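Here is the structure we will look at.
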Amino acid sequence: MSIDSHLLDFLLNQNGVKKATVPSGFIVSQQGDHCNDLIIVLEGQVRVYRPATNGRRITLYYVEKNDSCILTASCVFNQQAFPAFAETTSEVTALFVPLAEVQKWLRTEPLWQNYMFSLLSERMMNLIELVNSVAFETLESRLADWLVLETEKSDSLLIKTTHQKIAEELASSREVISRLLKHFESDGFILLRRSEIQVLNVEQLSIDFKVV
């Protein structure tokens, strides 16, 4: 989602709001943390994920430019511990909005109210889509969908990633993902290289697995 330029100007001119840059791989929040600030990403990307007892991870969503973390917002509102992990996937520059300001502006600043409610609505829809996907779609179909979406996001048929990272995106294991990718390769959909996947036929991949 995008942030209103007037709201961004407002935030940048507040004494309590701090701007900071953190490196890639930095744990912004971890499960059990108490949230004292709401982070709004200006540049870069943060991955929010949940670990499972078997060691697997599932990506809940990404926080990207002008976006914020709805789980952090929920913790700020309810004074509860953070229920997931938030880790930067690149260098991130962000605004840190103190808890007191987050709560005060919900009562006094219409621009802030609109931003927070839009964030809540968008994230709820994303999480519902994630639950539906995990519950009702086959892993093979979800993997095909992921490959197609990655080519659309990067506007390139070359996807630079690892089997482990895909497994974490799709709440699976590296071994299972590797096996499915090998099947896709033998069927002529993709070509596997070290830390790269060359998609050969996006249209046929979409048709065979009903990617929409």
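The values are calculated or read from the model by the stated rules, or taken from the named source; none is laboratory data. Note that the structure is predicted; figures quoted are calculated from it, not measured. Cβ coordinates were reconstructed from backbone atoms using ideal geometry, including for glycine residues, and neighbour counts include every protein chain displayed.
From the list ILE40, ILE27, ILE70, pick out the single residue that is out of contact with any Pro (no Cβ under 9 Å at 6 or more places or on another chain) and surrounded by fewer than 17 Cβ atoms within 10 Å (Cβ to Cβ).
Details: ILE40 fails: surrounded by fewer than 17 Cβ atoms within 10 Å (Cβ to Cβ); ILE70 fails: surrounded by fewer than 17 Cβ atoms within 10 Å (Cβ to Cβ).
Answer to the selection: ILE27.
State whether the residues of the stretch 2-15 include one that is closer than 17 Å to VAL92 by Cβ and in contact with an Asp or Glu (Cβ under 7 Å, 6 or more places away or on another chain). Before you say what the answer is, go through the steps one by one.
Of the residues in the stretch 2-15, the ones closer than 17 Å to VAL92 by Cβ are 3, 8, 11-12.
Pick out the ones that are also in contact with an Asp or Glu (Cβ under 7 Å, 6 or more places away or on another chain) and you get none.
Checked against the condition, which is being closer than 17 Å to VAL92 by Cβ and in contact with an Asp or Glu (Cβ under 7 Å, 6 or more places away or on another chain), the stretch 2-15 yields no hits at all.
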>> Scan the stretch 95-118 and tell me whether some residue there is modelled with pLDDT under 85, assigned to a helix (DSSP H, G or I) and not aliphatic (A, V, I, L, M).
In response: no
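Does the stretch 55-71 contain at least one residue that is among the small types (Gly, Ala, Ser), part of a loop (DSSP other than H, G, I, E, B) and either under 21 Å from MET125 (Cβ atoms) or within 14 Å of the chain's Cα centre (by Cα) (or both)?
Checked against the condition, which is being among the small types (Gly, Ala, Ser), part of a loop (DSSP other than H, G, I, E, B) and either under 21 Å from MET125 (Cβ atoms) or within 14 Å of the chain's Cα centre (by Cα) (or both), the stretch 55-71 yields no hits at all.
Give me a count of the residues in the stretch 88-112 that are under 19 Å from the mean Cα position of the chain (by Cα) and surrounded by fewer than 18 Cβ atoms within 10 Å (Cβ to Cβ).
Taking the stretch 88-112 as the starting set, the residues that turn out to be under 19 Å from the mean Cα position of the chain (by Cα) are 88-96.
Remaining after also requiring surrounded by fewer than 18 Cβ atoms within 10 Å (Cβ to Cβ): 89-91, 93, 96.
Residues that pass the stated criteria total 5.
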> Inside the stretch 67-109, can you point out the residues that are out of contact with any Phe, Trp or Tyr (no Cβ under 8 Å at 6 or more places or on another chain) and acidic (Asp, Glu)?
Replying inline: ASP67, GLU91, GLU101
>> Regarding the stretch 189-210, can at least one residue be identified that is closer than 30 Å to VAL76 by Cβ and among the charged types (D, E, K, R)?
In response: no
>> Filter the stretch 125-148 down to the residues that are within 30 Å of CYS75 (Cβ to Cβ) and in contact (Cβ under 8 Å) with a residue 40 or more places away in the chain and list them by number.
In response: ASN126, LEU127, LEU130, VAL134
>> For the stretch 73-87, give me the residue count where each residue is more than 16 Å from the chain's Cα centre (by Cα), buried (at least 17 other Cβ atoms within 10 Å of the Cβ) and in a strand (DSSP E or B).
In response: 0
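Tell me, yes or no, whether the stretch 81-93 has at least one residue that is over 30 Å from SER172 (Cα atoms) and at pLDDT 90 or above.
Within the stretch 81-93, the subset over 30 Å from SER172 (Cα atoms) is 93.
This time we only want the ones that are at pLDDT 90 or above, so: 93.
Checked against the condition, which is being over 30 Å from SER172 (Cα atoms) and at pLDDT 90 or above, the stretch 81-93 yields at least one hit.
Quick one: which strands (runs of 3 or more DSSP E) sit completely within the stretch 121-205 and have at least 2 residues that are touching a Gly at 6+ places or on another chain (Cβ under 6 Å) and either of a type in the set (A, V, I, L, M) or modelled with pLDDT of 85 or more (or both)? Even if it seems obvious, please write down each step before you answer.
Working: elements: 158-160, 190-193, 196-199.
In the stretch 121-205, no matching strands (runs of 3 or more DSSP E) lie anywhere.
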> Mind checking which residues of the stretch 165-190 are under 25 Å from the mean Cα position of the chain (by Cα) and crowded, with 18+ Cβ neighbours inside 10 Å?
Replying inline: ILE166, ALA167, GLU168, GLU169, LEU170, ALA171, SER172, ILE177, LEU180, LEU181, ILE190
